[in-house]
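First comes the structure, then the notes that go with it.
The values are calculated or read from the model by the stated rules, or taken from the named source; none is laboratory data. As the structure is a prediction and not an experimental result, all values here were calculated from the model. All Cβ positions, glycine included, derive from the backbone under ideal geometry; neighbour counts span all protein chains shown. When the accessible area is computed, the model is the full protein with side chains, heavy atoms only, and any ligands, DNA or RNA have been set aside. Shrake-Rupley method; radii C 1.70, N 1.55, O 1.52, S 1.80 Å.
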Amino acid sequence: VQLQTSGGGLVQAGGSLRLSCVASGTIFGMNTIGWYRQAPGQERELVASITNGGSTNYATSVKGRFTISRDMAKNTVYLQMNSLKPEDTAVYYCHGRYWVTHYWGQGTLVTVSS
């Protein structure tokens with residue numbers, strides 16, 4: 001499975017962006033699929049994920065502002081990011097897990113200006 005990420009860019013604080021992650025194969029069997037981010041000098045952190053059963057999980061810092069969703073027919077996962085803050089600036093990575101196998105998309109840069 002390959003994960004193709006898109007949707008990053010430059011946005012002002014308070015703005016919105018939507019990231020997309022298209023899987024070359026089905027995402028239906030993935031145990032979880034979601035988004036991580038890595039800011040300069042910081043470790044990669046989980047932003048949001050969704051299980052194959054539809055349960056979602058969010059980092060505390062993005063709860064209420066970000067929404068993860070999926071379109072099974074399109075093998076696509078989305079991350080809608082609203083009320084963006086400068087501290088959301090990072091490279092965002094799509095991630096999928098099938099049991100012990102992890103899949104990563106290429107990163108997409110999100111820059112939030114103050």
Computed about the Cα centre, the charge dipole of the chain from +1 Lys/Arg and -1 Asp/Glu charges at the Cβ has a magnitude in debye, to the nearest 20, of 160 debye
Once the mean of 1/r over all distinct C-alpha pairs in segment 1-90 is inverted, the Kirkwood radius in Å reads 13.6 Å
Taking TRP104, TRP99 and ranking on accessible area (1.4 Å, protein atoms only), highest first, one gets TRP99, TRP104
What are the ³J(HN,Hα) values, in whole Hz, obtained from phi via the Karplus relation 6.51 cos²θ - 1.76 cosθ + 1.60 with θ = phi - 60°, for each residue of segment 93-104 in sequence order, with x given for Gly and Pro?
10, 7, 9, x, 10, 10, 6, 9, 9, 10, 10, 10
Can you pull out the trypsin sites (Lys or Arg not before Pro) in segment 1-109 that DSSP calls coil and that have at most 12 other Cβ atoms within 10 Å?
LYS63
Accessible area, 1.4 Å probe, largest first: how do LEU84, LEU17 sort?
LEU17, LEU84
Would you kindly find the accessible area of ILE68, with a 1.4 Å probe and non-protein molecules such as ligands, DNA and RNA excluded, rounding to the nearest 10 Å²?
10 Å²
Under the Karplus relation with 6.51, -1.76 and 1.60 and θ = phi - 60°, whole-Hz ³J(HN,Hα) for segment 47-56, x at Gly and Pro, equal 9, 7, 8, 9, 8, 5, x, x, 6, 10
For the chain, the charge dipole (Cβ of Lys, Arg +1; Cβ of Asp, Glu -1; about the Cα centre) points to a positive end, and the Cα of VAL91, VAL77, GLY7 closest to that extreme belongs to VAL77
Based on alpha-carbon atoms only, what is the radius of gyration of segment 67-114 relative to the globular estimate 2.2 N^0.38 Å?
1.36
